[in-house]
Amino acid sequence: MTQIARRAALAGLGTMLAAPALRAQGWQPTRPIRIIVTYPPGGVNDIVARIVAEPLSRELGQPVVVENRAGAGGNIGTQVTAQAEADGLTILLGTTALFGVNPVVYASTGVDALRDFTSIGLIGEVANVLSVIPGKVEATTLTAFIEEAKRRPLVFGSVGNGSSSHLSAAVFMKMAGIEATHVPYRGSSPLVAAMLAKDVDFGFDTTATSTAHIRSGAFRALAVTTTRRASALPDVPTMAEAGLPGYDLGIWFNLGVVKRTPAPIVARLREAMAHIATPQNGDRLRTAFVEPISVPAAEGDAWIAASAMRWQAIARDMRLSAD
């Protein structure tokens, strides 16, 4: 390619990249926007949605309300969003579970988040923490814990069958070459209660629900499941740092709309999400134990697909089902 041709090609590329931003200025919402959260109020999903809703409302000039549509492992809210008008006014708070587990566990819902939605902006990621119970487990490091688990039978708790907590533990045990008896609980609160009562030897749960008990000494944290340390627990290593390289199972949050949404609307929403990714809003997420994710909007779908495929492979390997 000649230098003149190269310049022309680059100029054309620049025009193509600029076009969505120009078109985006032509769309402005004229009615309130709703963010569908597929879990009940009060949990980390709900908190994340409400943190994002306020600055997004200011950016778009319309109220942004959070609507909780819980049930069926998140499928009810996902279906509600998938069936809504493709006008940018109904947004799904996507999660690792909706994209990476549900397509395997719930094969007949007619909704596949990875297939049916496009990202307008990744929000953040929360880690699960591998915590052991002092007095029941001697180990103070991950490698020592693996050796201890190979010597004697252990029991671990999760927040439920097929949950990110369960899958995080399953991947850990497979990579470490250990086995333990699984006791699934119905959510974080029952799991935490069981760990405090020393009914299990170890468990995986989010930093949001584990940090206070780790700081009090009731739990001993050995590693987090993400590839970067959690700001709430800066002294706790990642799984890779602690001796399991390649371990990467973060729980992420994303806003998305149905794929049939017109391109100018998607562009404007992505533009709005980019504008609200400020240090101040990042700090608000960290107060909820969520680490902001910095991924360009145009790369969001590819980033989500790569993560979802990894989670789906784990779910298939474990032969998870809703039955």
(request) Tell me which label goes with the value of percent of Cα pairs over 34 Å apart computed from the coordinates here: [x] 32; [y] 19; [z] 28. (result) [z]
(message) Suppose the Debye formula is applied to equal point scatterers at every Cα of the stretch 31-176; what is log10 I(q)/I(0) at q = 0.11 Å⁻¹?
(response) -0.54
(message) I want to make sure I understand the PRE zone here: with the label point 7 angstrom from the Cα of His182 toward its beta carbon, which residues in the stretch 280-316 have backbone N atoms less than 15 Å away?
(response) 311-316
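In whole percent, what relative contact order does the chain give with Cα contacts below 8 Å and a gap of six or more residues?
Details: 584 pairs, mean separation 85.9, N = 323.
For the chain, the relative contact order is 27 percent.
When the solvent-accessible surface of protein heavy atoms is calculated with a 1.4 angstrom probe, in what order do Glu147, Glu85 fall, highest first?
Numbers: Glu147 95, Glu85 140 Å².
Result, largest first: Glu85, Glu147.
Quick check: at a probe of 1.4 Å, how many percent of the accessible area of the stretch 113-253 sits on carbon and sulfur atoms?
Values: 2800 of 5420 Å².
Exposed carbon and sulfur together represent 52 percent of the surface.
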(request) Straight distance only, please: which lysines reach the Cα of Lys150 with their own Cα at less than 30 Å, same-chain residues fewer than 8 apart left out? (result) Lys136, Lys174, Lys198
(message) What aspartates and glutamates does Lys259 reach when the alpha-carbon gap must be under 16 Å and sequence neighbours fewer than 8 apart in one chain are set aside?
(response) Glu85, Asp87, Asp112, Asp116, Glu299, Asp301
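For the chain, what is the accessible area per residue in Å², given a 1.4 Å probe and the full set of protein chains?
Working: 14530 Å² over 323 residues.
Accessible surface, normalised per residue, equals 45 Å².
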(request) Please label the shape of the stretch 65-133 as rounded, prolate or oblate, based on the square roots a ≥ b ≥ c of the eigenvalues of the alpha-carbon gyration tensor (a/c under 1.5 means rounded; beyond that, a/b larger than b/c means prolate, else oblate). (result) prolate
(request) For the chain, give the magnitude of the charge dipole about the Cα centre (Cβ charges: +1 Lys/Arg, -1 Asp/Glu; no others), in debye to the nearest 20. (result) 400
(request) Take the alpha-carbon centre of the stretch 103-123, take the same for the stretch 31-50, and report the distance between them in whole Å. (result) 17
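Show Tyr39, Tyr247 ordered by accessible area, largest first, where the area counts protein heavy atoms only and the probe is 1.4 Å. Before the final figure, lay out each step's value.
Values: Tyr39 60, Tyr247 5 Å².
These residues rank, largest area first, as Tyr39, Tyr247.
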(message) Charges on Cβ only, +1 for Lys and Arg, -1 for Asp and Glu, centred on the Cα centroid of the chain; of Gly246, Ala218, Ile265, which one is farthest towards the dipole's positive end?
(response) Ile265
(message) Among Ser231, Leu154, Ala84, which residue has its Cα furthest toward the positive end of the charge dipole of the chain, with +1 on Lys/Arg Cβ and -1 on Asp/Glu Cβ?
(response) Ala84
(message) Can you compute the charge dipole magnitude of the stretch 160-243 about its Cα centre, using +1 on each Lys and Arg Cβ and -1 on each Asp and Glu Cβ, nothing else charged? Give it in debye, rounded to the nearest 20.
(response) 160
(request) Averaging over all projection directions, find the projected area of the Cα convex hull of the stretch 41-101 and quote it in nm² with one decimal place. (result) 4.4
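The values are calculated or read from the model by the stated rules, or taken from the named source; none is laboratory data. These numbers were taken from a predicted model, which means no experiment stands behind them. Quick reminder, even Gly has a Cβ in these numbers, built from the backbone with ideal geometry, and neighbours come from all protein chains shown. Heavy atoms of the whole protein, side chains included, go into the accessibility calculation; ligands, DNA and RNA do not. Shrake-Rupley method; radii C 1.70, N 1.55, O 1.52, S 1.80 Å.
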